[in-house]
Amino acid sequence: MADTIVQGGNENSTEQNNTDQKSTAHHHQPPKGIMRWILTTNHKDIGTLYLCFSFLMFLVGGGMAMVIRAELYQPGLQIIEPGFFNQMTTVHGLIMVFGAVMPAFTGLANWLIPMMIGAPDMALPRMNNWSFWILPMAFAILLSSLFMEGGGPNFGWTFYAPLSTTYSPDSTALFVFAIHIMGISSILGAINVIVTIINMRAPGMTYMKMPLFVWTWLITAFLLIAVMPVLAATVTMVLTDKYFGTSFFEAAGGGDPVLFQHIFWFFGHPEVYIMILPSFGIISAIIPTFSRKKLFGYSSMVYATASIAVLSFTVWAHHMFTTGMPLTAELFFMYCTMLISVPTGVKVFNWVATMWRGSMTFETPMLFAIAFIVLFTIGGFSGLMLAITPADFQYHDTYFVVAHFHYVLVTGAIFSIMAASYYWVPKWTGHMYDERLGKLHFWCSLISVNVLFFPMHFLGLAGMPRRVPDYALQFADFNQLVSIGGFAFGLSQLIFLVVMIKCVRGGTKAPAKPWEGAEGLEWDLPSPAPYHSHTTPPVIK
Amino acid sequence: MTNKTTSYYVPTQSYWPIIGAIGLFFIAIGAGTTVQQIGSAASSGTWILTLGIGIIVAMMFGWFSDVIKESQAGMYSDQMDRSFRQGMSWFLFSEVMFFVAFFGALFYVRNISTFWLGGGSNNVMTGQVLWPEFEAIWPLIITPAGDTTQAMGWQGLPLINTIILLTSSVTLHFAHVNLEKDNRKPLIILLAITVLLGACFLVLQVEEYVEAYRHMGLTLSAGVYGNTFFILTGFHGMHVTFGTFMLFVMLVRVLKGHFEPNNHFAFQASSWYWHFVDVVWLGLFFFVYII
């Protein structure tokens with residue numbers, strides 16, 4: 001340890017000797033063994049943990065989707081009981097939202113934000129470790145509830161009352177507390193991100209110079225801190241309604257089941273943007289790189305992101321058009337929802353304008369990014385259809401809704417995470433990934449995901465309800481097609497696993513800046529990035 | 001390496017976060033099991049819960065003492081101090097949003113759901129078909145199903161408690177002023193008074209709950225009036241308990257001479273927390289008790 005401190009010319013070195021015996025020794029080399037990962041305070045280690053955990057959860061939640069699609073391959077009940085089917089849809093949703101997409105973004109934030117803003121690490125490194133390690137605990141509880149007497153949660157990931165109160169299994173108490181600690185994890189993680197961005201930027205890194213990924217995460221973190229406590233309050237009321245005789249969601253005591261939906265969606269709608277805003281940041285980094293142009297309309301991107309975040313608090317009841325709300329409320333929420341397509345349209349326009357006349361190349365990250373723009377836009381358009389109150393009376397609770405949110409979450413959020421992984425993995429591992437396998441992964445995913453989700457639009461418009469284990473005969477053909485697409489998409493993700501494992505183990509050496517058009521401080525660091533990012537603040541032009 | 005005094009302090013590996021995660025794991029399992037075991041003879045849940053809470057308390061003690069040692073060793077820069085302050089502010093914002101959800105539920109049941117159940121707006125048929133006898137008045141002392149309870153007035157204990165909490169905020173503020181001026185004695189006295197006032201508030205709150213349960217039939221399960229009353233005052237009381245404990249720890253640390261006029265983040269954070277709890281009470285007093 002002596003050399004680092006002596007080099008630093010530190011006046012306090014004698015005081016530090018007592019408490020800081022090991023810390024400086026670790027500043028250059030990560031410790032070895034499993035304890036490195038359990039005790040780490042390093043943003044890169046924690047980012048890696050988040051990303052690996054998220055991929056594991058993606059496979060678990062994906063496995064549940066396979067069970068669902070296997071049951072729906074034919075009409076009638078073949079493989080599983082309807083009760084178990086409900087548990088599969090519920091836990092699939094919970095895992096994909098809280099276990100796969102959100103931790104993947106937090107992992108990317110951990111890896112990238114300190115490098116992008118010129119900081120040595122996250123602002124609160126120990127808390128960072130805590131936020132991660134709560135997650136496996138929470139999911140261990142949630143998954144183990146599937147094996148308990150009475151089964152796991154079966155009320156849909158939205159856990160509407162009275163399904164989650166009067167009619168829920170006894171394991172609901174564990175579901176509630178699992179959600180509580182998941183929420184603690186998200187809030188702590190978000191506080192860390194927001195403080196890092198506000199307080200740790202290198203001198204000269206003004207807000208309007210920040211990469212858009214940092215901007216979108218700043219706003220996402222704000223949303224998380226604002227709405228995760230609301231989710232905590234919601235599950236608390238579910239708990240007291242089920243076990244302590246309260247009647248928040250029970251008309252006989254003066255409450256209202258619709259109150260549940262209001263509070264849940266006040267959390268739930270900003271949550272939707274929590275899962276897509278960081279994607280916008282990722283796409284805004286990748287499209288300019290492979291178009292070899294500056295991002296078109298940087299500041300309008302920032303303002304659009306902020307407007308989406310503000311509007312996200314005023315649209316929640318578009319999930320509840322059929323609950324019998326007053327007409328004024330239906331109109332208000334309809335117009336506010338449609339208003340969101342304006343800032344979203346600005347973003348799509350800017351990405352397309354960035355590509356316009358760029359000298360484009362189509363490496364795997366770019367392919368995923370372009371697919372994101374096209375397919376996310378399809379999801380956005382079906383969202384616009386759902387926003388129209390009178391039309392929603394027909395679409396509500398059909399497969400059309402399932403198609404809509406899978407387009408924005410799978411071909412939106414997940415595709416952007418894939419794009420980000422390919423784009424930054426040379427920086428993380430110091431090796432280039434296998435471009436041929438990457439492209440194979442992309443094309444398999446692209447084709448299968450559309451076979452999987454596109455026919456769901458038709459099923460929904462024809463009237464097939466969501467969350468059913470059995471269906472009328474006329475839906476059989478499309479369901480079979482959807483299931484085949486589903487299995488193909490699931491298997492395609494194993495290619496991704498192979499590419500990533502290969503890339504970690506070896507491959508062509510990656511230069512500091514493997515993409516010729518890339519911009520940003522992370523590319524000034526060598527590949528793989530050193531254990532501590534910017535020990536001295538970099539110079540910002 | 002840059003000069004350490006200007007660089008950001010990144011702590012070494014630490015055992016406390018993983019211990020905290022394990023503690024939360026036991027708390028979640030224990031609390032869930034305890035709730036499931038209500039009304040049965042089994043008590044395994046309570047033991048697991050107690051274990052979890054014990055681990056978390058130990059974790060906080062150990063983690064904070066590490067932080068205090070580091071701070072006293074002069075390892076924290078101004079930038080680090082700002083990180084702590086901003087982190088605490090955002091944490092308080094999340095707490096505000098937690099209460100916002102319950103206040104939102106209160107507004108909804110007062111102004112919308114009971115109103116509609118009584119046949120308000122275009123819900124005449126709802127009123128007539130479901131519970132024709134039901135009248136929507138707040139406090140809801142007769143539920144649609146016909147259960148009755150009594151409303152808690154704002155005079156008496158709640159008013160005294162309001163005065164106590166407001167006074168405690170003032171004494172805490174002046175304790176802080178004296179800390180910044182380095183007047184040790186008034187600091188200790190004012191801080192001790194604040195802690196005492198917090199404890200008094202809690203005692204009176206318990207008294208009020210006993211009164212409600214024993215004599216008024218006002219319980220957690222007494223329809224939405226009782227639900228919102230106890231969930232709001234209950235979570236507030238829990239926060240007062242934490243706040244009082246935090247201030248008590250600050251008192252101990254003041255007696256140990258930990259703080260300096262220009263370096264006392266922990267004191268500041270506890271004080272913010274206390275003022276936040278105070279503001280929530282004002283909202284409660286107005287919306288739950290008075291109107």
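Tabulated data for the structure shown
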quantity: Extreme residue, nearest to the other protein chains (Cβ to nearest Cβ), among residues of the stretch B:37-63 that are closer than 17 Å to A:Thr172 by Cβ and surrounded by fewer than 20 Cβ atoms within 10 Å (Cβ to Cβ); calculated: B:Ile38
quantity: Test: B:Phe107 is more than 7 Å from chain A (Cβ to nearest Cβ), in a helix (DSSP H, G or I) and either surrounded by fewer than 16 Cβ atoms within 10 Å (Cβ to Cβ) or modelled with pLDDT under 95 (or both); calculated: yes
quantity: Sole residue being more than 9 Å from every other protein chain (Cβ to nearest Cβ), buried (at least 22 other Cβ atoms within 10 Å of the Cβ), under 19 Å from the mean Cα position of the chain (by Cα) and part of a helix (DSSP H, G or I), chosen from A:Val214, A:Val238; calculated: A:Val214
quantity: Tally, over the stretch A:160-194, of residues that are in a loop (DSSP other than H, G, I, E, B), in contact (Cβ under 8 Å) with a residue 60 or more places away in the chain and surrounded by 24 or more Cβ atoms within 10 Å (Cβ to Cβ); calculated: 3
quantity: Cβ pairs under 6 Å, 6+ apart, first in the stretch A:470-485 and assigned to a helix (DSSP H, G or I), second among the polar types (S, T, N, Q) and surrounded by 20 or more Cβ atoms within 10 Å (Cβ to Cβ); calculated: A:Gly485/A:Ser448
quantity: Restricting the stretch B:68-79 to residues that are crowded, with 18+ Cβ neighbours inside 10 Å and more than 8 Å from chain A (Cβ to nearest Cβ), the residue that is farthest from B:His258 (Cα to Cα); calculated: B:Tyr76
quantity: First in the stretch A:519-541 and touching a residue at least 12 places away in the same chain (Cβ under 8 Å) and closer than 13 Å to A:Met205 by Cα, second anywhere and buried (at least 20 other Cβ atoms within 10 Å of the Cβ) and not aliphatic (A, V, I, L, M), Cβ under 8 Å, 6 or more apart; calculated: A:Gly520/A:Pro211; A:Leu521/A:Gly118; A:Leu521/A:His534; A:Pro537/A:Gly118; A:Pro538/A:Gly118; A:Ile540/A:Gly118
quantity: Selected residue (criterion: surrounded by the most Cβ atoms within 10 Å (Cβ to Cβ)) from residues of the stretch A:252-281 that are outside any helix (DSSP H, G or I) and touching a residue at least 40 places away in the same chain (Cβ under 8 Å); calculated: A:Met275
quantity: Any hit, the stretch A:51-74, residues being surrounded by 19 or more Cβ atoms within 10 Å (Cβ to Cβ), touching a residue at least 12 places away in the same chain (Cβ under 8 Å), within 14 Å of chain B (Cβ to nearest Cβ) and assigned to a helix (DSSP H, G or I); calculated: yes
quantity: Neighbours by Cβ (under 6 Å, 6+ apart or cross-chain): first from the stretch A:347-370, touching a residue at least 12 places away in the same chain (Cβ under 8 Å); second part of a loop (DSSP other than H, G, I, E, B) and surrounded by fewer than 19 Cβ atoms within 10 Å (Cβ to Cβ); calculated: A:Asn350/A:Gly297; A:Thr354/A:Lys293; A:Gly358/A:Arg292; A:Gly358/A:Lys293; A:Ser359/A:Arg292
quantity: Test: residue in the stretch B:111-125 that is over 27 Å from A:Leu327 (Cα atoms) and among the small types (Gly, Ala, Ser); calculated: no
quantity: Residue tally, condition closer than 19 Å to B:Phe287 by Cα and surrounded by 15 or more Cβ atoms within 10 Å (Cβ to Cβ), over the stretch B:116-141; calculated: 5
quantity: Within the stretch A:282-330, considering residues that are hydroxyl-bearing (Ser, Thr, Tyr) and farther than 24 Å from A:Ala387 by Cα, the one surrounded by the most Cβ atoms within 10 Å (Cβ to Cβ); calculated: A:Ser284
quantity: Criterion (within 12 Å of chain B (Cβ to nearest Cβ), farther than 30 Å from A:Pro530 by Cβ and in a helix (DSSP H, G or I)) met by exactly one of A:Met137, A:Met127; calculated: A:Met137
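The values are calculated or read from the model by the stated rules, or taken from the named source; none is laboratory data. A quick note: this is a predicted structure, and the numbers were derived from the prediction, not measured. Because the Cβ atoms are built from the backbone with ideal geometry, glycine has one as well, and the counts that use them run over all protein chains shown.
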